[in-house]
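Have a look at the structure below, then the notes.
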Amino acid sequence: MKSNIAVMGDPDTVTGFMLGGIKEGYPVRNMEEADQTLEKLIKTDISIIIITEKIGDELRTNIDKLTKERTLPMIIEIPDKNGSIERESEPLNKLIKRVIGVEMIK
Amino acid sequence: MAQEMIEGINPTRMELLKLKQREKLAIKGHSLLKEKRNALIMEFFNILERVKGSRENVSEKLKDAYKDLTASQIIMGDLAVKKAAMSVKESVNVDIESRSIMGVVVPVMDYDVQQRNIVERGYGFMDTSVKLDEAAKEFEESLALIIELAEVEKTIILLASEIESTKRRVNALEHIIIPRIKNTVKYIEMRLEEMDRENFVRLKMIKKTLEMEA
């Protein structure tokens, strides 16, 4: 299966990834815009969506629902230019802890 | 808990046979599911080895990339960088296939991020700075890491939810369904024995009265 990658985030992040060779860039300025763009992107045949951690945190419930429902698209969160935000616990670590019962990766 | 059993069962031999069948099936299913769970957890640990550190790698790489990007924005101006970014040709090529781990379909990505030299990227040299080239290179490199991370994380999420549901089923069988069937079997056996004894006594009594009359 052939697939596309899209990137959504603040304008600088999007510019950076477009430099890296991604054609689908969606700069968003606020969270409502991000939410709408994400909804739109899900419906297309894009299979990997790169978003910034900030957006990921804001739209956590939405994203969790989407990732649980289907395999594609994959949504991956990356830090933006201000570096990764400090979180109490990574969503992934929380999941692993729930499944195995102990903390596995630090 | 110990006395819990299936409601509305008649203590007959038919039901006893049926229940014994069900018990056998439940035990078989339980051991199969347990094996599945163990295999999934082993697979899960293998994947965890891969995810270790790969998030840090991505962050590190991106930090460098953003630094170069900001530098080029300072040198060339925001708009010029955007313009150059618009004209960059597509570089990533991802094929997503799927693999099945114990019935869980996980994605396997076959990706190919071209490491291009400056001529191939597609922007002009007249108004671009060397920092832009570096930023583009850094972003290309981080893309490969990000795609790999996406694959691993998705696999972990899928496996985790499968492990959770398998675990729940194993526990339900082990702690509720099997004991319940066992209790019911015991109850029916006891009732049948009791009925046997009752019958025996009744026969004795009848025999006695018949002898008395004779």
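All of the numbers you see were taken from the coordinates with simple rules; none came from a lab. What you see is a predicted model; the values in this text were computed from it and never measured. Neighbour counts run over all protein chains shown; Cβ positions are idealised from the backbone, glycine included.
For A:Met74, list long-range residues whose amide hydrogen, built 1.01 Å from N in the peptide plane, is under 5 Å from its own amide hydrogen.
A:Ile48, A:Ile49
Based on the Cβ-Cβ distance of B:Arg50 and A:Glu32, what FRET efficiency does E = 1/(1 + (r/R0)^6) give at R0 = 25 Å, to the nearest 0.05?
Working: r = 36 Å, r/R0 = 1.45.
Approximately 0.10, to the nearest 0.05.
Over the C-alpha atoms of region B:13-208, what are the Rg and the largest Cα-to-Cα span, Dmax, in Å?
Rg, Dmax (Cα atoms, Å): 32.9, 122.
Over 10 Å intervals from 0, what percent of Cα-Cα pairs in the protein assembly as shown sits in each interval?
Bins of 10 Å from zero give 5, 21, 23, 15, 10, 8, 6, 5, 3, 2, 1, 1, 0 percent of pairs.
Rounded to the nearest 10 degrees, what's the angle between the helix B:130-172 long axis and the longest principal axis of chain B, both from Cα atoms, 0 to 90?
Approximately 0 degrees, to the nearest 10.
Residue by residue through region A:38-43, which ³J(HN,Hα) values in whole Hz follow from phi under the Karplus form 6.51 cos²θ - 1.76 cosθ + 1.60 (θ = phi - 60°), with glycine and proline marked x?
Once rounded to whole Hz, the list reads 4, 4, 5, 5, 4, 6.
Apply the Karplus parameterisation 6.51 cos²θ - 1.76 cosθ + 1.60, with θ equal to phi minus 60°, to every residue of region B:36-42 and state each ³J(HN,Hα) to the nearest whole Hz, in sequence, with x for glycine and proline.
With the stated coefficients, region B:36-42 comes to 4, 4, 4, 5, 4, 5, 4 Hz.
To the nearest whole number, what is the average tally of beta carbon atoms from other chains within 10 Å of the beta carbons of peptide A:6-19?
Numbers: counts 0, 2, 0, 0, 0, 2, 7, 5, 2, 12, 15, 11, 10, 22.
Averaged over the peptide's residues, the number is 6.
Return the Cα extents of region B:1-56 along principal axes one, two and three, sorted largest first, each rounded to a whole Å.
Principal-axis extents of the Cα atoms in region B:1-56, largest first: 65, 21, 14 Å.
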